[in-house]
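Since the structure comes first, as structure tokens, the remarks are kept for the end.
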Amino acid sequence: MNLKSLLARLAAGETLSADEAEAAFGVIMSGEATPAQIAGLLMAMRVRGETVPEIIGAVRAMRARMTRVEAPPGAIDVCGTGGDNAGTLNVSTAVTFVLAGLEVPVAKHGNRALSSRTGGADVLAALGVDVDVALDRLPGILRAAHCVFLFAPRHHAALRHAAGPRVELGTRTIFNLLGPLANPAGVRRQLTGVFDPAWARPMVETLASLGTECCWLVHGQGLDELTVAGENQVVALRDGAIREFIVTPEQAGLPRAPVAAIRGGDAEVNAAALGALLGGATGPYRDTVLLNAAAGLIVAGRTDDLRAGVALAAASIDGGAALTALETLRRETA
């Protein structure tokens, strides 16, 4: 693969096929591209606008080099792209335990804080979960706790070759879209939040082409998750069909609350709030988690109705199953 020829085409405004993009990102992830070439390719795509075939190719290259983890059929991922800069409490991490409490296997892909104050890895560490546990133990942990955390840097070491140029560019690139599309457990069902609703459909089209069975790509009032603050935009894939629709908290039987009501803090603050939530605390944080968990249950095939999903999620918390899932994960990673 000659990156120079591709860069010349990109500079002229041309696009790459999925195969060409896969080869180009393969060169990058194999450490064979220079920092200047990496930055040039990323910015050429960013300025023109990344296409679905280019995203597909990049994801293929990333998946081909990731360290995989075995997961049971029906496993689901709940994560977000990050990048909303909202500094909210950790929603998808809390949803993980709610779903695990209902014995939905969750292979949660995540990282430390990048664009927020507290990432999934940060809050889990504050809760006493070891996010650096030996990789060969992860499948057993998933079986025991019905959930496991897949710490992105350990599974996607090939991305280190692009780290320097990405930091120096200091702006969003195609790499910001790739993480949620390359779950190390190869899940075929996922609830994924996106920082910009314009990327929801391209990401769904990418997942559809790569074998995903069911997913919701969601954006709510500036957040990369569903919110009770107002209308939420959803692009969903099911049985090969893609549809777009709006979800409101009222449809799930939940009251509205402003985004400010779920503002978070550092890892300790967010961990305390998550622990209180699993212990039965009520309010906007609980309602936000219930809404997202209900969507996760739809994606997992456990229900087709948001209100029914909220009831199941509430039972997971109020019956103590969600808290037990956290305690089991903590114990299994010790």
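About its Cα centre, the dipole of the stretch 3-65 is roughly 120 debye, where the only charges are +1 on Lys and Arg Cβ and -1 on Asp and Glu Cβ. Applying 0.36 nm per residue to the separation of Asp239 and Asn85 and subtracting their alpha-carbon distance, the gain on full extension is 52.1 nm. For the stretch 3-65, the pair-distance distribution built from all alpha carbon pairs, in bins 10 Å wide starting at 0, is 25, 61, 14 percent. Here the spin labels are modelled as points 7 Å beyond Cα on the Cα-Cβ line, and at Ala8 and Ala276 they lie 6.2 nm apart.
Listed by Cβ neighbour count within 10 Å, with the fewest neighbours leading, Phe195, Phe97 appear as Phe195, Phe97. Ordering Glu332, Glu268, Glu225, Glu54 from the fewest to the most neighbouring beta carbons within 10 Å gives Glu268, Glu332, Glu54, Glu225.
Could you give me D for the chain, from Stokes-Einstein at 20 °C and 1.002 mPa s, where the hydrodynamic radius is the Kirkwood radius over C-alpha pairs? Units µm² s⁻¹, please. The estimated diffusion coefficient comes to 108 µm²/s.
Label zone (Glu32, point 7 Å along Cα-to-C-beta; backbone nitrogen cut-off 18 Å) within the stretch 159-174: 159-162.
Cβ crowding within 10 Å ranks Ser92, Ser5 as Ser5, Ser92, fewest other Cβ atoms first.
Read-outs throughout are calculated quantities, based only on the coordinates presented, and are distinct from any laboratory measurement. Please read all numbers here as calculations on a predicted model, not as lab measurements. Here Cβ is always computed from backbone atoms with ideal geometry, including for glycine, and neighbour counts include all displayed protein chains.
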